[in-house]
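Rule-based calculations on the coordinates, nothing more; no lab input. Quantities reported herein were computed from a predicted structural model and do not represent experimental measurements. Backbone-built Cβ (ideal geometry, glycine too); neighbour counts: all protein chains shown.
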Amino acid sequence: MFFPKITEDTFRPLKAAADLARHHEGYLDSPDCPYSDEIKEFLRARQVAIQTQKADIFDVEGDKNEIIEREITGLINELKQFGTQLTNKDHSEKIQFFKTYTGVLEKLVVLKERVFNIQEMATFQSVVIRLMEEVLSKDQIAELMSRLRNLKSVSQ
């Protein structure tokens, strides 16, 4: 097995360039950027690898629907950023990206609408339940729930 020699002197500039590219959008696309296309592609690949090493989105506190909505918005932003990183070398790659992007974007918008609808339904249900508890007696609530269960559209 072969291990190319990598010293601290060769590693530090590479790490610095990768960090700059990660923190400054358009860094590698700048006309002043002195790196070859091969080095730029390597640094871009490193950015993508770092971005995909995220933790489970549900490991944080908060409403699950809001977490999903933030994640969807983040995915849309990552897709946009990935599209800006494509080089002009391969036009077919750009065309394929935009075809894929529009399909994925459409699906993400549908998911975002579903999350919104679920949030609206949860809000509506909590208002109705709170109102029932304030206005109706326990017997009236039981009667209402019994009648609602007998409706075909509610029980299905």
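Below 8 Å between Cα atoms, with a sequence gap of 6+, how large is the relative contact order for the chain in percent? Walk me through the numbers on the way to the answer.
Values: 44 pairs, mean separation 23.5, N = 156.
For the chain, the relative contact order is 15 percent.
Which pairs in the list Lys64/Lys107; Lys80/Lys112; Lys40/Lys64; Lys40/Lys99; Lys89/Lys112 are over 26 Å apart, alpha-carbon to alpha-carbon? Cα-Cα > 26 Å for Lys40/Lys64; Lys89/Lys112; rest within. I'd like the Kirkwood hydrodynamic radius of the range 76-137, using the inverse of the mean 1/r over distinct C-alpha pairs, in Å. One over the average 1/r among Cα pairs gives 14.9 Å for the range 76-137.
If you plug the beta carbon distance of Thr87 and Glu120 into 1/(1 + (r/R0)^6) with R0 = 41 Å, you get a FRET efficiency near 0.45. All C-alpha pair distances within the chain, sorted into 10 Å bins from zero, spread as 8, 22, 23, 18, 11, 8, 7, 3, 0 percent across the bins. Shape index of the range 1-53: Rg/Rh, with Rg the Cα radius of gyration and Rh the Kirkwood radius from the inverse mean 1/r over Cα pairs, equals 1.00.
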